[in-house]
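Some notes on the structure that comes next.
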Amino acid sequence: MSLAKRLKNLGTETAFKISELTFEWKNKGYKIYPFHIGDLNFPTPEHIVDIAFKAIKDGKTGYSPSPGILALRDAIAEDVTNSRGVKYDYNEVSIQPGGKPVIGKFIQAVINPGDEVLYPSPGYPIYESQIEYFGGIPKPYRFLETNEGFKIDIGNLESLITKKTKAIIYNNCHNPLGVESSDGEMEALSELILKNDLYVLSDEAYFDIRYRGKTRSIVSFSGLKNRTIILYTFSKKYAMTGWRLGAAIGPKRIIDVINKLNVNIESCTNHFVQYAGISAIKGPDKDYKNMIQELEERRNIACDILNSINGVRVYKPDTTFYLFPDVTEAMDKKGIKSLDELVFRAIADTGVAFTTRSHFGRRLPDEKRYYIRIAYSGVTKDEIREGLNRLKEWLEN
Ligand code: PLP
């Protein structure tokens with residue numbers, strides 16, 4: 001008996017394949033340095049955990065309304081109004097089990113089969129997977145490497161737009177590149193969006209993970225709010241990846257559709273976890289500030305070691321917890337022919353695990369250089385020093 005034909009269009013997050021590889025090596029007794037997954041080795045702040053326990057004891061264990069509990073929708077609307085500088089109400093917020101479900105629900109809400117969707121490449125691999133799964137045509141837009149890190153190639157993006165282009169997925173701050181848009185880049189992007197009447201998914205999973213300056217949301221540009229869905233998540237800012245709590249935020253007519261999808265897919269997000277979410281937003285931010293300080297120190301150590309490796313070059317971004325070093329020359333020197341070979345041999349010879357450009361969407365035809373992604377959110381400073389120095393010694397000899 002055959003399975004559904006549409007499954008041929010369903011992609012995956014191949015970073016999890018590297019996790020399987022690291023388990024094998026760990027089982028053989030090897031020390032592994034986990035730079036491959038964007039998870040955090042920080043505990044969820046205690047006041048958030050306490051409220052979750054209390055909510056269970058208070059009996060918040062039945063279904064909640066499908067759009068989420070009112071108090072959390074209110075709290076998120078207020079948070080986004082303050083941080084994005086654009087007014088939102090509770091009925092423009094739909095609670096989700098994590099940020100990830102917003103991607104597929106946005107596509108289901110706005111895309112017909114055959115519509116084209118622009119998305120960043122390299123970029124979070126679920127964009128490509130979900131666009132194709134729901135019958136959209138994936139249109140990857142590229143980045144240019146400059147002295148200030150990667151920038152969206154706006155000329156290339158404009159050339160990809162046709163009459164069939166319906167939406168754009170935009171991720172600021174960006175996984176895996178670690179970069180953010182300048183005001184100028186956002187301005188150019190919003191002009192194109194308005195001119196071509198596009199819907200926008202603004203993936204803001206890393207909005208609060210930054211070491212200096214302030215993140216700006218594309219919704220703050222004139223005319224953007226009523227065509228944009230924000231992907232909002234508790235995963236990174238509050239070290240809550242496993243709790244599965246996030247939200248879709250945007251115009252009520254799209255949020256109503258997303259609420260209907262909630263009813264069909266999961267009925268509601270975990271009820272007592274939603275109370276923990278309120279505590280996260282309204283509680284003290286001491287743990288968040290400490291986490292950002294620690295992440296900044298890790299970033300500095302990782303960048304210094306990576307840039308000291310012969311044939312490796314990396315830009316030091318002020319956002320996210322990812323680095324995207326160019327390893328082309330180092331691979332040449334070592335006689336390594338592919339990124340897959342690099343990953344496999346690095347784990348086997350040094351225990352250092354990382355993902356590569358190939359884990360973030362299909363390689364574009366004109367790409368010549370090779371990049372890896374280093375996530376420093378799940379490793380200690382000592383592990384960074386030890387692991388990346390091992391990698392250095394291995395690559396240089
Ligand atoms: N968007 C981006 C760019 C991400 O990197 C991630 C997770 O790593 C997500 C969305 C989804 O995060 P979550 O589902 O944990 O909220």
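Calculate the dipole size of the range 180-288 relative to its Cα centre from +1 charges on Lys and Arg beta carbons and -1 charges on Asp and Glu beta carbons; express the result in debye to the nearest 20.
Magnitude of the dipole: close to 300 debye.
How charged is the neighbourhood of Pro97? Take every other residue with its Cβ under 10 Å from the Cβ of Pro97, and add Lys/Arg as +1 and Asp/Glu as -1.
+1
Given N residues in the chain, what is Rg(Cα) / (2.2 N^0.38 Å)?
0.98
Over all alpha-carbon pairs in the range 170-326, figure out the percentage whose distance exceeds 19 Å.
Pairs farther apart than 19 Å: 63 percent.
What do you reckon, how do Phe23, Phe354, Phe143, Phe272 stack up by accessible area (1.4 Å probe), largest on top? Mind dumping the intermediate values first?
Numbers: Phe23 120, Phe354 5, Phe143 35, Phe272 55 Å².
Accessible-area ranking of Phe23, Phe354, Phe143, Phe272, largest first: Phe23, Phe272, Phe143, Phe354.
Using each residue's phi in the range 310-324, evaluate 6.51 cos²θ - 1.76 cosθ + 1.60 at θ = phi - 60° and report the 3J(HN,Hα) Karplus result to the nearest Hz, with x for Gly and Pro.
Listing the rounded values in order: 4, x, 10, 9, 9, 8, 9, x, 8, 9, 6, 10, 10, 10, 10 Hz.
Name the long-range amide H neighbours of Leu231: under 5 Å, sequence gap of 5 or more, or other chain; modelled H, no Pro or chain starts.
Result for Leu231 returns Ser202, Asp203, Glu204.
Compute the signed sum of charges (Lys and Arg +1, Asp and Glu -1) over the other residues within less than 14 Å, Cβ to Cβ, of Gly242.
Combined, the nearby Lys, Arg, Asp and Glu give +2.
Just from its helices, what would the mean residue ellipticity at 222 nm be for the chain, if runs of 4 or more DSSP H residues each count -39500 (n - 2.57) and the sum is divided by every residue, rounded to the nearest 500 deg cm²/dmol?
Dividing the helical sum by the residues of the chain leaves -13000 deg cm²/dmol.
Please report the antiparallel percentage of DSSP beta bridges with both residues in the chain, rounded to the nearest 5.
Around 50 percent of the beta bridges assigned by DSSP in the chain are antiparallel ones.
Roll a 1.4 Å probe over the protein heavy atoms and report the accessible area of Thr12 in Å², nearest 10.
80
How big is the shadow of the Cα convex hull of the range 238-304, averaged over all directions, in nm²?
The directionally averaged projection comes out at 6.7 nm².
Report, to the nearest whole %, how much of the accessible area of the range 59-171 belongs to carbon and sulfur atoms, 1.4 Å probe, protein only.
Summing carbon and sulfur atoms, their accessible area is 50 percent of the total for the range 59-171.
Could you provide, to the nearest whole Å², the per residue accessible area of the chain with probe 1.4 Å?
Per-residue accessible area for the chain comes out at 44 Å².
I'd like the accessible area for Cys303, computed on protein heavy atoms only with a 1.4 Å probe and all protein chains in place. Round to 10 Å², please.
0
Whole number please: convex hull volume per residue, Cα atoms of the range 168-247, in Å³.
Taking only Cα atoms, the range 168-247 has a hull volume of 95 Å³ per residue.
With an 8 Å Cα cut-off and a minimum separation of 6 or more residues, compute the relative contact order for the chain in percent.
Value for the chain: 25 percent.
Tell me, what HN-Hα J-couplings in whole Hz come from the Karplus equation 6.51 cos²θ - 1.76 cosθ + 1.60 at θ = phi - 60° for each residue of the range 92-104, using x for Gly and Pro?
Running phi through 6.51 cos²θ - 1.76 cosθ + 1.60 with θ = phi - 60° gives 9, 10, 10, 6, 10, x, x, x, 4, x, 5, 5, x Hz.
Please compute the Cα-Cα pair-distance distribution of the range 278-397 with 5 Å bins starting at 0, giving whole percents from short to long.
2, 10, 20, 23, 17, 11, 7, 5, 3, 2, 0
Just the projected area, averaged over all directions, of the convex hull on the alpha carbon atoms of the range 8-164: how many nm²?
15.2
In whole Å, largest first, what are the principal axis extents of the Cα atoms in the range 31-84?
That works out to 46, 35, 22 Å along the principal axes.
So between Val263 and Asp89, what do we pick up on full extension, going 0.36 nm a residue minus the alpha carbon distance?
This chain segment gains 60.6 nm when fully extended.
Using a 1.4 angstrom probe on the protein heavy atoms only, could you order Phe16, Phe150, Phe42 from most to least accessible area?
Sorted descending by solvent-accessible area, the residues read Phe16, Phe42, Phe150.
Quick one: which residues, 5+ away or cross-chain, put their amide H under 5 Å from the amide H of Thr356? H built at 1.01 Å from N.
Those lying under 5 Å, H to H, from Thr356 are Arg373.
In terms of modelled amide H atoms, which long-range or inter-chain residues lie less than 5 Å from the amide H of Arg363?
Those qualifying (amide H under 5 Å, at least 5 residues apart or on another chain) number zero.
Ignoring ligands, DNA and RNA, what percent of the accessible area of the range 293-359 is carbon or sulfur (1.4 Å)?
44
By a straight-distance test (C-alpha under 22 Å), which lysines pair with Lys100 as possible cross-link partners, with residues fewer than eight away in the same chain excluded?
Correct list for Lys100: Lys8, Lys17, Lys139, Lys166, Lys225, Lys236, Lys237, Lys252, Lys260.
Summing Lys, Arg as +1 and Asp, Glu as -1, what charge do residues with Cβ under 13 Å from the Cβ of Ile347 carry, Ile347 excluded?
Net charge in that neighbourhood comes out at +1.
The values are calculated or read from the model by the stated rules, or taken from the named source; none is laboratory data. None of these values were measured; they are calculated from a predicted model. Neighbour counts run over all protein chains shown; Cβ positions are idealised from the backbone, glycine included. For the accessible areas, the whole protein counts, side chains as well, though only heavy atoms, and no ligand, DNA or RNA atoms are used. Shrake-Rupley method; radii C 1.70, N 1.55, O 1.52, S 1.80 Å.
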